[in-house]
1. Each residue of the stretch 236-252 in turn: what ³J(HN,Hα) in whole Hz from Karplus with 6.51, -1.76, 1.60 and θ = phi - 60°, glycine and Pro shown as x?
2. Give me the 1.4 Å probe accessible area per residue for the chain, excluding ligands and nucleic acids, in Å².
3. Please compute the length gained on full extension between N73 and V266, using 0.36 nm multiplied by the number of residues separating them and subtracting their Cα-Cα distance.
4. Leaving ligands and nucleic acids out of the surface, order D286, D106 by accessible area at 1.4 Å, largest first.
5. In nanometres, what is the gap between the two model label sites at R5 and Q233, each 7 Å from Cα along Cα-to-Cβ?
6. Scan around Q321 for amide H atoms under 5 Å from its own, H built in the peptide plane at 1.01 Å from N, and keep only partners 5 or more places away or cross-chain.
7. Looking at [x] 41, 29, 20; [y] 35, 30, 24; [z] 36, 24, 20, which value of semi-axes √(5λ) of the Cα gyration tensor in Å comes from a calculation on the structure shown?
8. Using amide H atoms built 1.01 Å from N in the peptide plane, name the residues 5+ places from G277, or on other chains, whose amide H lies under 5 Å from its own.
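The values are calculated or read from the model by the stated rules, or taken from the named source; none is laboratory data. From a predicted model like this one, the values you see are computed outputs, not experimental measurements. Please note: Cβ atoms are built from the backbone with ideal geometry, for glycine as well, and neighbour counts cover all protein chains shown. Surface accessibility is based on the protein's heavy atoms, side chains included, excluding ligands, DNA and RNA. Shrake-Rupley method; radii C 1.70, N 1.55, O 1.52, S 1.80 Å.
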Amino acid sequence: DFILRGGRKFSLYSRVVEADPFKAIVLPASGNSVGIELRKQDVSWKEFLSIANQRPRSNHYSPVYRPIDSTINILFSSGTTGEPKAIPWTQLSPIRCSADGWAHNDIRAGDVYCWPTNLGWVMGPVVLFTCFLNGATLALYHGSPSGRGFGKFIQDAGVTVLGTVPSLVKTWKSSNCLEGLDWTKIKCFATTGEASNVDDDLWLSSKSYYKPVLECCGGTELSSAYIQGSLLQPQAFGTFSTAAMTAGFVILDEHGHPYPDDKACVGEVGLLPLYLGATNRLLNADHEKVYFEGMPMHNGMRLRRHGDVLKRTVGGYLIVQGRADDTMNLGGIKTSSVEIERVCDGADESILETAAISVAPLGGGPEQLIMFVVLKKEYSHQPEKLKILFSRAIQSNLNPLFKVRLQDIKYLFHFYTLSGDLTYPNNVIFNLLHKI
């Protein structure tokens, strides 16, 4: 019926009803009864279980054998490019992400694995499958992971592998909420979703006698990562040390030619197309067009698009520098500037046009959103009011859990054309940014 997050209550059932499904089974966010009135055809979780209890059933379960490319779940992601994609996972997907957990994070029977996530994000299914197929124990915490309660849970559950998101680590560090807790059972940390801050990683590592923090970068359409850290190699905070198992990539120059594998460089990444677990179809888009059209050939194969800009250092470490397309990564959620601009343009009648860009902080760490705004001639607003309007619009229309920190709102008022007339032409922001 609701999502409980950080002491707040977000309506979930009402959003589902908007999609007009034939039938919905509704679980209570708290207590034993749902806190809202249901449609006639819908049933509560309690009613659903009582129906099942009335039906005879066998104690023996016979597995159903299906081809490897059978769909097992569907995830949505702005991911590699632009608009949200409906991405089907097959029976190969769990094998891929579980193998990565085993090979890179050393997850095995006897481990207790925890990663603050949800089933709408790729890490939700990844953590489930990795635990079940490697024989590890899955540690589940109901509630916000940003406070001391979660930290104590990690201590009491004896977590041995803890996954994080950089902005979450920054919150722990700034609030000092982990003070006095014993995290010494943790043998390694993992992190994904955003660019890491070196100082924050060092602080996190210190909570478990300086255990390694392994970086992971991939995509929903890949079932896992294409670059990772590894316990078999020296690690540097905030960097990746290797291609993931069974993955290969090249870094392209501005002409689409691969740099030599041992050369320090910066460029768009191109994935080798023979990639265990990667998708070969999308439910709402042309897979070939999204991932392969326009990509260069390499060793007789067309490279697969992923959209990241990679930097390879002199020592061979890898750093994600941002995106080559209009996708941005905010708070661990990938979304496109087009999506943000669409909802912000309609946030108030005073707004003529907006442009959203993300900027990586100088010291590293998660990207920050900057909104450029052009108001209609007769309006003026203070930045604080626009912050509220935009935050409300984004949370209502994109994701209720999407916290957007508008670090700065740049006003582009009184934009003059070359003729000197005060006008607000279409794409005024695009033209100005292009000149800048």
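1. Rounded to whole hertz, the list is 10, 3, x, 10, 9, 10, 6, 5, 5, 4, 6, 9, x, 8, 10, 10, 9.
2. Details: 22820 Å² over 436 residues.
For the chain, the solvent-accessible area averages 52 Å² per residue.
3. Once the chain is fully extended between N73 and V266, it gains 65.9 nm.
4. Numbers: D286 90, D106 45 Å².
The residues order as D286, D106, largest area first.
5. Spacing of the two 7 Å Cα→Cβ label points: 3.4 nm.
6. Under 5 Å from the amide H of Q321 lie the amide H atoms of V309, L310, K311, each far enough along the sequence or on another chain.
7. [y]
8. Long-range HN contacts for G277: none found.
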